[in-house]
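Asker: Sharing a structure below in structure tokens format, with a few things to ask.
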Amino acid sequence: MPSNMWDIPKFDTLEEERIYRKQHLVAGCRLFGEFGFDEGIAGHISARDPIKTDHFWVNPYGVHFSDVTVESLVLVNTQGEVVEGIHNVNRAAFVIHSAIHQLRPEIVAAAHSHSMYGKAFSSLGVFLDPISQDSCAFYKDHAIYTEYNGVALNEEEGKQIAFALGENKACILQNHGLLTVGKTVDEALWWFISLERACKAQMLADSCGKPLRIPNDIAELTYTQVGSSQAGWFNFQPMYKWIAKKYPDMF
């Protein structure tokens, strides 16, 4: 466990790490429900299993974010089969997350939903501008997937999304929504929440006039201060503590 509040936890056993990842995945689901990121059956968060590293845990198909518990998570293999859990897996969740986890072995988690401001911003087909300290976390570290071919149900679509994401922490799926990844579950979740808010801020600013961009050199500096994996993980900690206290039933 961490020696101080800035340390990402390390574990004595992989079993302990598995429990930790699953608990934080569920916390993310509860937060997505709390923030209204749900849209029917759409939206999914995944966490690579630390033991079966080519498998990932994901929220169950057809269960509202606010009702997800550790026990209801499903473990999915590379063929899209549920190997643990009593629920089904969302086909789009398997297609998108499987491709990302295979292409980016360093990535532990990925988050995607059809959140209100994310899907509105995605229809513009533009990158996020560095107009605030918070948006600088994504400066030159997000991509746009410019194709929309309906619901992502085939594996080739998932691969194309993963290729579009590249080495970035986030991808705007045009006419679709937002996607973020992280080296920890917490990081991926924080980037999603922060990106959703940055999209909202940019659309609000654009509706009022012409926002002033932060100069490139200052945006690059700010990115080093707020855009690291460590910063992403740490920013999520207050939210985790708050949601775990509010919904102790999720464990």
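Asker: Between the DSSP loop rule and a limit of at most 14 other Cβ atoms within 10 Å, which GluC sites (Glu not before Pro) in the range 11-103 are left?
Answerer: Qualifying residues, ordered by number: Glu71, Glu81.
Asker: Give me the net charge of Asp206's neighbourhood, meaning all other residues with Cβ under 13 Å from the Cβ of Asp206; Lys, Arg count +1, Asp, Glu -1.
Answerer: +2
Asker: Taking the Cβ-Cβ separation of Asp12 and Val70 as r and a Förster radius of 22 Å, what is the calculated FRET efficiency to the nearest 0.05?
Answerer: According to the calculation, E is roughly 0.65.
Asker: Note down the net charge around Leu25, summing +1 for each Lys or Arg and -1 for each Asp or Glu among other residues with Cβ under 12 Å from its Cβ.
Answerer: That sum, taken over residues with Cβ under 12 Å, equals +3.
Asker: What is the order of Cys208, Cys199, fewest Cβ neighbours within 10 Å to most?
Answerer: On the way: Cys208 7, Cys199 24.
If I rank by nearby Cβ atoms, fewest first, I get Cys208, Cys199.
Asker: Net charge near His114: determine it from the other residues with C-beta under 10 Å of the C-beta of His114, scoring Lys and Arg +1 and Asp and Glu -1.
Answerer: Details: positive: Lys119; negative: Asp38, Glu39.
Surrounding charge for His114 is -1.
Asker: By a straight-distance test (C-alpha under 21 Å), which lysines pair with Lys245 as possible cross-link partners, with residues fewer than eight away in the same chain excluded?
Answerer: Hits, sequence-local ones excluded: Lys22.
Asker: May I pose another question? If neighbour count is taken as other Cβ atoms inside 10 Å, put Trp242, Trp233 in order from fewest to most.
Answerer: Trp242, Trp233
Asker: For Ile41 and Asp217 in the same chain, what is the full-extension length gain: residue separation times 0.36 nm, less their Cα-Cα distance, in nm?
Answerer: Working it through step by step, the gained length comes to 59.2 nm.
Asker: Can you put Phe56, Phe121 in order, fewest other beta carbons within 10 Å first?
Answerer: Ascending Cβ contact count within 10 Å gives the list Phe121, Phe56.
Asker: Now a separate question. Along each of the three principal axes of the Cα atoms of the range 11-114, give the extent in whole Å, ordering the values from largest to smallest.
Answerer: Principal-axis extents of the Cα atoms in the range 11-114, largest first: 35, 27, 25 Å.
Asker: Take each complete run of DSSP H in the chain, measure how far its Cα atoms stretch along the helix's own axis, and keep only those covering 24 Å or more with mean Kyte-Doolittle hydropathy at least 0.0; list them.
Answerer: Flagged H segments are 185-208.
Asker: Still on this structure, I have one more. Show that you can apply the helix-only estimate: for the chain, add -39,500 (n - 2.57) for every DSSP H stretch of four or more residues, divide by all residues, and state [θ] at 222 nm to the nearest 500.
Answerer: Result for the chain: -13500 deg cm²/dmol, rounded to the nearest 500.
Asker: What fraction of the DSSP beta bridges in the chain is antiparallel, stated in percent and rounded to the nearest 5?
Answerer: Values: 22 of 26 bridges.
DSSP beta bridges in the chain are roughly 85 percent antiparallel.
Since every read-out is calculated from the coordinates, none of them should be taken as a lab result. Since the model is a prediction, treat every value here as computed from it, not as a measurement. Backbone-built Cβ (ideal geometry, glycine too); neighbour counts: all protein chains shown.
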